[in-house]
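The values are calculated or read from the model by the stated rules, or taken from the named source; none is laboratory data. Source: prediction; values computed, not measured. Glycine gets a Cβ as well: all are built from the backbone with ideal geometry, and neighbour counts include every protein chain shown. Areas reflect the complete protein model, heavy atoms only, side chains present, ligands, DNA and RNA absent. Shrake-Rupley method; radii C 1.70, N 1.55, O 1.52, S 1.80 Å.
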Amino acid sequence: MSFNSFGHSFRFTTWGESHGPAIGCVVDGCPPGLPLTEDHIQPFLDRRRPGQSRFTTQRQEPDRVEILSGTHEGLTTGTPISLLIRNVDQRSKDYAEVARAYRPGHADWAYDAKYGLRDPRGGGRASARETAARVAAGAVARQVLGEAVRICGYVVELGGDPIDRAAFDAAEIGSNPFFCPDAAAAARWSVALDAARRAGSSLGAIVEVVAEGVPAGWGAPVYMKLDSQLAAAMMGINAVKGVEIGDGFAAARLCGEANADAMRPGPGGGPVFLSNHAGGTAGGISTGQPVVVRLALKPTSSILTPVETITRAGEATEIVTRGRHDPCVGIRAVPVAEAMMALVLADAKLMHRAQTGR
């Protein structure tokens with residue numbers, strides 16, 4: 001029994017290891033006749049690609065995607081789409097110590113306990129390297145969604161330092177290495193993350209993803225709620241330890257009338273909402289408002305500070321994780337979270353169409 005697939009009508013399966021020859025995915029359920037070439041996928045992989053600033057791992061992977069099946073003359077055929085991304089800059093020798101002892105905070109012990117063996121080279125399947133395949137699959141999902149649905153992710157907090165919502169500027173997101181919509185916060189984060197790197201440590205982050213243009217009606221009760229699928233998708237991203245939809249935990253601190261998303265008559269007989277505390281869902285079904293998700297990512301476990309652990313033989317020791325690692329995994333999680341949002345929404349769109357014909 002294995003669980004390397006996600007989705008229902010629109011389903012993808014990822015494969016490969018961090019230090020293997022390649023990683024990739026197979027996307028199944030994509031409708032035929034949609035435009036799809038490598039040029040539709042590569043820009044999203046480029047946003048996630050490592051080595052683009054001193055605040056990410058310096059592993060140099062071009063992450064060039066190859067479409068192996070499922071298209072003809074630039075259009076999807078309706079058959080499985082196989083996507084390949086080759087690994088070209090592995091340094092397996094950096095993980096000699098990891099093969100001997102477990103890294104606290106990593107999946108080393110858990111994998112060993114489950115399978116009786118593990119791939120210590122970069123963490124194998126537990127490595128965030130696997131998320132490149134999700135970003136590739138997410139690019140296919142965006143073709144299913146079309147231009148009407150717009151997805152944007154950004155970092156709203158790094159190392160406990162939040163952005164100023166009043167200073168939110170969408171144009172800033174692509175102008176700094178943090179996907180940060182607040183220029184002043186990005187400047188502060190640069191100093192904080194440099195200090196963490198020099199200290200051999202790391203920092204956590206909170207990422208927010210918003211999907212606009214999602215029509216009302218996607219998702220289904222009771223066990224296919226749109227927000228439950230989004231929560232599962234985001235929790236499946238490496239290092240994510242918490243997910244909020246809309247106001248999330250803050251809603252527990254509101255009274256009923258403050259939390260209610262009041263409605264007034266709108267054009268065409270539908271409502272105009274006066275707020276969006278629910279994050280674009282009600283009863284697990286989209287309301288037509290922006291779908292808002294936040295995810296909390298823990299600090300990178302691969303650090304140069306010695307940490308107490310045990311060897312595979314059960315002996316007490318300390319470990320320092322060498323190699324090339326992100327001092328804050330939350331930064332490159334932004335395009336991954338966007339991809340997972342797209343994958344869930346594409347699945348919801350196709351299931352809605354199958355049930356209602358719309």
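Is it the case, given these coordinates, that Gly122 is at pLDDT 90 or above, out of contact with any strand residue (DSSP E or B) (no Cβ under 8 Å at 6 or more places or on another chain) and open to solvent by less than 20 Å² (accessible area, probe 1.4 Å)? It is false that Gly122 is at pLDDT 90 or above, out of contact with any strand residue (DSSP E or B) (no Cβ under 8 Å at 6 or more places or on another chain) and open to solvent by less than 20 Å² (accessible area, probe 1.4 Å). The residue that is modelled with the lowest pLDDT, among those in region 237-258 that are of a type outside the set (A, V, I, L, M, F, W, C) and either in contact with a His (Cβ under 6 Å, 6 or more places away or on another chain) or surrounded by 12 or more Cβ atoms within 10 Å (Cβ to Cβ) (or both), is Asn238.
Taking the condition open to solvent by less than 10 Å² (accessible area, probe 1.4 Å) and either at pLDDT 95 or above or in contact with a Pro (Cβ under 7 Å, 6 or more places away or on another chain) (or both), does Leu343 pass?
Working: open to solvent by less than 10 Å² (accessible area, probe 1.4 Å): yes; either at pLDDT 95 or above or in contact with a Pro (Cβ under 7 Å, 6 or more places away or on another chain) (or both): yes.
It is true that Leu343 is open to solvent by less than 10 Å² (accessible area, probe 1.4 Å) and either at pLDDT 95 or above or in contact with a Pro (Cβ under 7 Å, 6 or more places away or on another chain) (or both).
Collect the residues in region 156-165 that are closer than 17 Å to Val210 by Cα, without any contact (Cβ under 8 Å) to a residue 40 or more places away in the chain and open to solvent by 50 Å² or more (accessible area, probe 1.4 Å), keeping them in residue-number order. Across region 156-165, the qualifying residue is only Arg165. For region 309-328, the criterion of being in contact (Cβ under 8 Å) with a residue 24 or more places away in the chain and of a type in the set (Gly, Ala, Ser) is met by at least one residue.
Of the residues making up region 126-155, those that are open to solvent by 10 Å² or more (accessible area, probe 1.4 Å) and outside any helix (DSSP H, G or I) are Ser127, Gly146, Glu147, Ala148, Val149, Arg150, Ile151, Cys152, Tyr154.
Looking only at region 1-41, filter to residues that are polar (S, T, N, Q) and over 25 Å from Gly123 (Cα atoms); which one of those is surrounded by the fewest Cβ atoms within 10 Å (Cβ to Cβ)? Give the steps one after another, and end with the answer.
Within region 1-41, the subset polar (S, T, N, Q) is 2, 4-5, 9, 13-14, 18, 37.
Filter again for over 25 Å from Gly123 (Cα atoms), leaving 9, 37.
Working: Ser9: 19, Thr37: 13.
It comes out as Thr37.
Does Val207 count as hydrophobic (A, V, I, L, M, F, W, C) and part of a strand (DSSP E or B)? Taking the combined requirement at face value, the residue satisfies it.
Based on what the data block shows, is Leu75 under 26 Å from His8 (Cα atoms) and surrounded by 15 or more Cβ atoms within 10 Å (Cβ to Cβ)?
Numbers: under 26 Å from His8 (Cα atoms): yes; surrounded by 15 or more Cβ atoms within 10 Å (Cβ to Cβ): no.
No, not satisfied.
In region 259-275, what count of residues is obtained for those that are open to solvent by 40 Å² or more (accessible area, probe 1.4 Å) and at pLDDT 95 or above? Lay out the reasoning, then the answer.
Taking region 259-275 and keeping what is open to solvent by 40 Å² or more (accessible area, probe 1.4 Å), we get 259-260, 262-265, 267-269, 271-274.
Cutting the leftovers down to at pLDDT 95 or above gives us 259-260, 262-265, 271-274.
Residues in region 259-275 being open to solvent by 40 Å² or more (accessible area, probe 1.4 Å) and at pLDDT 95 or above: 10 in total.
Across region 102-119, the number of residues qualifying as out of contact with any helix residue (DSSP H, G or I) (no Cβ under 8 Å at 6 or more places or on another chain) and open to solvent by less than 40 Å² (accessible area, probe 1.4 Å) comes to 2.
Quick one: is Pro221 over 22 Å from the mean Cα position of the chain (by Cα) and without any contact (Cβ under 8 Å) to a residue 40 or more places away in the chain? Criteria not met by Pro221. Set side by side, the residues Pro177, Pro181, Pro215 differ, and just one is touching a His at 6+ places or on another chain (Cβ under 9 Å) and either assigned to a loop (DSSP other than H, G, I, E, B) or open to solvent by 30 Å² or more (accessible area, probe 1.4 Å) (or both), which is Pro215.
In a residue-by-residue description of region 193-213, the property of being over 13 Å from Val292 (Cβ atoms), at pLDDT 95 or above and among the charged types (D, E, K, R) applies to no position.
Scanning region 276-326 for residues that are under 26 Å from the mean Cα position of the chain (by Cα) and of a type in the set (D, E, K, R), which turns out modelled with the lowest pLDDT? Give the derivation first.
Just the residues of region 276-326 that are under 26 Å from the mean Cα position of the chain (by Cα), to begin with: 276-304, 321-326.
This time we only want the ones that are of a type in the set (D, E, K, R), so: 294, 298, 322, 324, 326.
Details: Arg294: 98, Lys298: 97, Arg322: 72, Arg324: 60, Asp326: 83.
Selected residue: Arg324.
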